[in-house]
Amino acid sequence: MKDNNKTPFRGMKHLVICVGVALFLVSMTLPAGVVQALQGFKEGSIIPEHYPNEFDRIGRVDRIALDEVVINDCLFKLSADIKYHTPAIEDASSAWFKEGKFVGYITNSRREIVSLWLIE
């Protein structure tokens, strides 16, 4: 009889632990986008006014072509109307973006990069 009374509580305890772990993981990943915007800039440096508050992701350019880019070993299509930005130039040329450069980027719903931001 005692075993029957413990079964619902054991399941409830398991559920509470799972929900707690899930909430912890979500709370750890939410601030990551804000950190993405600041990562790569040296402490004390001024982030340009035309830069966004956060990027979808940041990384190092492995390869870049007219219609695609590889950043941190991930291939992305470049949007037909992509915009390039450097700390000094709001609408820069793609010539600033070469292999090895550290960048932030923003993607659209099709996972195409719509803006590329030079960090380094």
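Read-outs throughout are calculated quantities, based only on the coordinates presented, and are distinct from any laboratory measurement. In this text the structure is predicted, and so the values were computed from the model without any measurement.
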Cα gyration tensor, region 59-120 - rounded (a/c under 1.5), prolate or oblate:
oblate
3J(HN,Hα) from dihedral phi, region 104-114, Karplus parametrisation 6.51/-1.76/1.60, rounded to Hz, x for glycine, proline:
x, 8, 10, 10, 9, 5, 8, 6, 8, 7, 9
From the backbone phi of region 12-20, what are the Karplus-calculated ³J(HN,Hα) couplings (6.51 cos²θ - 1.76 cosθ + 1.60, θ = phi - 60°) in whole Hz, Gly and Pro given as x?
5, 4, 4, 5, 4, 5, 4, 5, x
Under 13 Å between alpha carbons, and skipping anything fewer than 8 positions from Lys83 in its own chain: which aspartates and glutamates qualify?
Asp67, Asp91, Glu112
